[in-house]
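Trainee: This is the structure I have questions about; it appears just below.
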Amino acid sequence: MNHQHHHEESPLTIAPADTRNVPLPTQSTYQNRVADYWNAEENPVNLELGKLDDLYHHHYGVGAADHSVLDERDPALRRERITAELHRLEHAQAELLAAHLGPLTPDDRVFDAGCGRGGGSVVANLRYGCHADGVTISAKQAAFAGEQARKRGIDGRVRYHHRNMLDTGFETGAYAASWNNESTMYVELDLLFAEHARLLRRGGRYVVITGCYNDTYGRASREVSLINAHYICDIHPRSEYFRAMARHRLVPVHVQDLTADTIPYWELRREAEHLVTGIEDTFLSAYRNGSFQYLLIAADRV
Ligand code: GPP
Ligand code: MG
């Protein structure tokens, strides 16, 4: 079929000229803008933490924070200790997610949807020995993550792809587990869960950690809107996750409200003058006024 011809003929085709026939991985002007953000992103809060052990995370932290790092008198050492403590909390979040993927064997394959600079797939590989395919819309992130895997000597098992997580082109039913770690707010959940359901084998496990807005608050709060503007994303309500999973053969088996567990991370991060990005107080207000929640959902593909 000639798609170009179809576009010219159909009066119902409303795609603007500059998004027609755009090759993967970006499929809209919006996705191009998101890719631009991540291609340009070099926040010390991500790079300085990642450097510590070459695990580059693009998510927040969970667990009790050691606030004694703030009392360190030597300024350089104080900065180092704060950086290490924030990294420890982010790593704990990645381990929490990975723990819900298993059990997995080295023969299993996992899919990391919105892999960023690659930390999550490395964590899964270290824990289970499994194969991993990470996907990011940012060419720069995919190249960075691939270089990290090469340096670790795991590039035969952990691969990163400059692709669209909604349309990966990967093999149907080939994956034992898959996840989104703070990346669902960039996509339509129906399209996303359709792709996870396609890739996961029957009985496979899907895990998401996300920030969602709280339906009991009403609609998106001012703080939630500020977070959306900061990252160019569109935070979904909590309810939408369960509705969309139910439509795509994903049955929740574990739901955990991590809001209280992530607040210590933000309290410490707001004191880290060398690392702050300016969004810290907004996150704390959003969590404290009840409009925003940090949530983990594990679901089985049936
Ligand atoms: C953190 O990435 C996550 C996102 C940008 C997605 C938005 C997440 C929500 C829960 C709303 P990052 O580690 O690159 O962010 P930062 O640079 O702020 O550390
Ligand atoms: Mg970060």
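The values are calculated or read from the model by the stated rules, or taken from the named source; none is laboratory data. The shown structure was predicted, so the numbers you read here are calculated from the model rather than taken from an experiment. Here the Cβ is made from the backbone with ideal geometry for all residues, glycine too, and neighbour counts use every protein chain on show.
Trainee: What single numbered condition from (1) crowded, with 20+ Cβ neighbours inside 10 Å; (2) on the phi > 0 side of the Ramachandran plot fails to hold for G129?
Mentor: Status for G129: all satisfied but (1).
Trainee: While we're on this one: Step by step: first the residues of region 35-44, then only those that are surrounded by fewer than 20 Cβ atoms within 10 Å (Cβ to Cβ) and within 11 Å of ligand 1 (Cβ to nearest atom), then the one that is nearest to T168 (Cα to Cα). Which residue is that?
Mentor: Y37
Trainee: Determine, yes or no, whether A139 is more than 16 Å from ligand 2 (Cβ to nearest atom) and surrounded by fewer than 16 Cβ atoms within 10 Å (Cβ to Cβ).
Mentor: Numbers: more than 16 Å from ligand 2 (Cβ to nearest atom): yes; surrounded by fewer than 16 Cβ atoms within 10 Å (Cβ to Cβ): yes.
Taking the combined requirement at face value, the residue satisfies it.
Trainee: Just to be sure before I move on: is R73 assigned to a loop (DSSP other than H, G, I, E, B), surrounded by fewer than 20 Cβ atoms within 10 Å (Cβ to Cβ) and either away from ligand 1 (no atom under 16 Å from the Cβ) or at pLDDT 95 or above (or both) in the structure I sent? Talk me through it step by step, then tell me what you get.
Mentor: Values: assigned to a loop (DSSP other than H, G, I, E, B): yes; surrounded by fewer than 20 Cβ atoms within 10 Å (Cβ to Cβ): yes; either away from ligand 1 (no atom under 16 Å from the Cβ) or at pLDDT 95 or above (or both): yes.
For R73, the condition - assigned to a loop (DSSP other than H, G, I, E, B), surrounded by fewer than 20 Cβ atoms within 10 Å (Cβ to Cβ) and either away from ligand 1 (no atom under 16 Å from the Cβ) or at pLDDT 95 or above (or both) - is met.
Trainee: Could you tell me which numbered condition A246 fails, if it satisfies all but one of (1) over 20 Å from the mean Cα position of the chain (by Cα); (2) within 30 Å of E80 (Cβ to Cβ); (3) of a type in the set (A, V, I, L, M)?
Mentor: (2)
Trainee: Inside region 93-148, can you point out the residues that are over 11 Å from the mean Cα position of the chain (by Cα) and of a type in the set (D, E, K, R)?
Mentor: Result: E95, D107, D108, R109, R127, D133, K140, E147.
Trainee: Let me ask something additional. Of all residues in region 60-73, count the ones that are within 22 Å of E273 (Cβ to Cβ) and within 16 Å of ligand 2 (Cβ to nearest atom).
Mentor: The number of residues fulfilling the criteria is 3.
For every residue, the table says whether it meets (1) in a helix (DSSP H, G or I); (2) touching a strand residue (DSSP E or B) at 6+ places or on another chain (Cβ under 8 Å); (3) hydroxyl-bearing (S, T, Y).
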{"site": "P25", "(1), (2), (3)": "no, yes, no"}
{"site": "Y30", "(1), (2), (3)": "yes, no, yes"}
{"site": "L47", "(1), (2), (3)": "yes, no, no"}
{"site": "D53", "(1), (2), (3)": "no, no, no"}
{"site": "G63", "(1), (2), (3)": "no, no, no"}
{"site": "E80", "(1), (2), (3)": "yes, no, no"}
{"site": "E85", "(1), (2), (3)": "yes, no, no"}
{"site": "P103", "(1), (2), (3)": "no, no, no"}
{"site": "F111", "(1), (2), (3)": "no, yes, no"}
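Trainee: Anything in region 84-104 that is touching a residue at least 60 places away in the same chain (Cβ under 8 Å) and away from ligand 1 (no atom under 16 Å from the Cβ)? List them, or say none. I'd like the intermediate steps shown before the answer.
Mentor: Taking region 84-104 and keeping what is touching a residue at least 60 places away in the same chain (Cβ under 8 Å), we get 85-86, 89-90, 93-94, 96-97, 100-102, 104.
Passing the criteria: H100, L101, G102, L104.
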